[in-house]
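Read through the structure below, which is laid out as structure tokens, and then see the notes.
What follows draws every value from the coordinates through simple rules; no lab data is involved. For clarity, every value in this text was computed on a predicted model and none was experimentally measured. Here the Cβ positions follow ideal geometry from the backbone for every residue, glycine too, while neighbour counts run over all protein chains shown.
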Amino acid sequence: MEEQQDNKVPAPEKPLSRQGPNMGTLAMFVIFVAIVLFLVYNGREAKQSRITYGLFREQLAADNIAEVEVQGVKVTGEFKEPPIDREAVKKAAEKKAEKTAKEEKKKK
């Protein structure tokens, strides 16, 4: 028998006229977007803090509330001057004292 040879000519490859972004460019873009989002949202959170209803009432009586916005159960607003939440300061001091006491016990 006669050997049959493939006389088929391979189809020419399509020319690469336009390539997409390479992985390095894509990675840099993703990192850039992540940094921008972090900076935008981190700045917003730094300006807000949670307060107790008692502190709100206290500041309302002292006429230290500049603005209040109610959205369902969420209330946001601004003070005229930043107040000091005595309850929060007291709780923070108690937590710090407890932590220090626990560390002292571990050392002994």
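Residue count for region 68-86, restricted to those that are under 13 Å from residue 49 (Cβ atoms) and of a type outside the set (Val, Ile, Thr): 6. Region 23-108 holds helices (runs of 4 or more DSSP H) entirely within its bounds, and those carrying 2 or more residues that are touching a residue at least 24 places away in the same chain (Cβ under 8 Å) and surrounded by 10 or more Cβ atoms within 10 Å (Cβ to Cβ) map to 53-61, 86-107.
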